[in-house]
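The values are calculated or read from the model by the stated rules, or taken from the named source; none is laboratory data. From a predicted model like this one, the values you see are computed outputs, not experimental measurements. No Cβ is skipped: glycine too gets one built from the backbone with ideal geometry, and neighbour counts run over all protein chains shown.
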Amino acid sequence: MALPFDLDLKRLDRLILRHKGGLTGSNAGKRLTNKYGSSLEFADYRPYLPGDDIRRIDWSLYGRSRRLYTRLNRGELDATVNIAVDGSASMDWGEHNKGYRSLGLALALGYISLRAYDRVAVAVGTKAVDSFLPPVHGRGAVPRLISFLEKQRFGHEGDLNALLLSLGRLLRPLQFTVVISDFLSPWQRGLEKLLAARQQVLVFHVISPDELEPGWLGSVTLVDSETGAKKDIDLDQFTLAAYRESVNRHAAEIKGFCLSRGIACFQYNPADNPVDFLGKIAPAILKPV
C-alpha cells in the first residue's frame, strides 16, 4: 500500500535537521544544548567542588596538573520544530500542485524531526494561523501529523507577513521554524519577526515550472487566484522575457534577504518528490544520526 502523499518516508529514517545549538527543551532527546548536562559530548572543565560526581573527575588532567578538575558535558534535550505552510489560494495551483507538495514537504520534515525525538508543531493559514497542530512528540505521533496535513485546504487571499506575525505569538525562543510558501504576498516583516523571536529559520520558496517558464503565447486573460482580478494581455517573446526577468529578480530578492540574515533558503520545485528533494539538499540542512 502506498504511503500517504506517496512518500517513501523510511528513506529519511537516519537524518536529523541541523541546528545551531543553544536550544530550549523539556525532555531527553538527541539535540545537544549549550547547557551542561549528562550527555557524552565534552564541553569544558571546571575545578572540582565538594559534592561533584567523582566519576566526572579527569584523572589524566590531575596527573599532569596535580589538581582536580570536573568534566562538563553538554545536555541533550528535545527541540521544537515549527513548520509554517502558506495556505493561500495561490498555493493551490500547478500540474504538481504547490499546496499538496508543500504539505508533503512538511510531512517529510516533520517525520525526520519526530524520528529524532524532536517536538513538531504545524501551522497553516493565510493572514493568520487558521489551523494549528500543537507540538507532538515521539515516533507514534506520525499518524497524527499525517491526519492533520491530509485535512488542510488552500484558499482565500494571503498575507505571509500577517501569517508569520500570528505564528510568532505561539513560539518560544530558541526553536527551529520552517517556512514553506510561494512568497507571492508581502513577506519581509514576517521573517524579521521570526528572527526577533530568536528562531533558527529555514525557508522553502515554492515555485512551479509553469511559473518559471510559462507555456503560453498570444492573447490570454490572467486571473488572480486570490482576488479574482482579471487582466487581458498579449504574450509575445518580449513580454515573456520581461516576465522571466521579474520572476528571477523576485527569487533573487528572497534568496539575498535570507543569506544576509543567516537564514537557510532553498527553492523548491513541486515537480520534485519531497523525499527526493530533501535528499538532494541533505548536506546543507540534514545530518545522519
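Yes or no, residue by residue, for (1) part of a loop (DSSP other than H, G, I, E, B); (2) in contact (Cβ under 8 Å) with a residue 60 or more places away in the chain:
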position: L222; (1), (2): no, no
position: E226; (1), (2): yes, yes
position: L240; (1), (2): no, no
position: H250; (1), (2): no, yes
position: G256; (1), (2): no, no
position: L259; (1), (2): no, no
position: Q267; (1), (2): no, yes
position: P270; (1), (2): yes, yes
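A quick yes/no check of all residues on (1) modelled with pLDDT under 80; (2) surrounded by 13 or more Cβ atoms within 10 Å (Cβ to Cβ):
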{"site": "L7", "(1), (2)": "no, yes"}
{"site": "S26", "(1), (2)": "yes, no"}
{"site": "K30", "(1), (2)": "yes, yes"}
{"site": "L40", "(1), (2)": "yes, no"}
{"site": "A43", "(1), (2)": "yes, yes"}
{"site": "D52", "(1), (2)": "yes, yes"}
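Please find, within the range 120-133, the residue that is surrounded by the fewest Cβ atoms within 10 Å (Cβ to Cβ) out of those that are more than 13 Å from R144 (Cα to Cα) and within 15 Å of the chain's Cα centre (by Cα).
A123
Working only within the range 149-172, note down all residues that are over 17 Å from the mean Cα position of the chain (by Cα), farther than 22 Å from A196 by Cβ and of a type outside the set (G, A, S).
E150, K151, Q152, R153, F154, H156, E157
Residues checked against (1) surrounded by fewer than 22 Cβ atoms within 10 Å (Cβ to Cβ); (2) assigned by TED's automatic domain parsing to the domain that holds A271; (3) modelled with pLDDT of 95 or more:
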{"site": "L170", "(1), (2), (3)": "yes, yes, no"}
{"site": "Q175", "(1), (2), (3)": "no, yes, no"}
{"site": "V178", "(1), (2), (3)": "no, yes, yes"}
{"site": "Q188", "(1), (2), (3)": "yes, yes, yes"}
{"site": "K193", "(1), (2), (3)": "yes, yes, yes"}
{"site": "A196", "(1), (2), (3)": "yes, yes, yes"}
{"site": "V203", "(1), (2), (3)": "no, yes, yes"}
{"site": "G215", "(1), (2), (3)": "yes, no, no"}
{"site": "V220", "(1), (2), (3)": "yes, no, no"}
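Check E150, E253, E211 and return the single one that is under 19 Å from N97 (Cα atoms) and loosely packed, with under 15 Cβ neighbours inside 10 Å.
Working: E253 fails: under 19 Å from N97 (Cα atoms); E211 fails: loosely packed, with under 15 Cβ neighbours inside 10 Å.
Of E150, E253, E211, the one residue that is under 19 Å from N97 (Cα atoms) and loosely packed, with under 15 Cβ neighbours inside 10 Å is E150.
Residues of the range 127-158 being in contact (Cβ under 8 Å) with a residue 40 or more places away in the chain and either polar (S, T, N, Q) or part of a loop (DSSP other than H, G, I, E, B) (or both), which ones?
Residues satisfying the conditions are S131, Q152, R153, F154, G155, H156, E157, G158.
Evaluate the range 58-65: report whether one residue or more is at positive phi and modelled with pLDDT of 90 or more.
no
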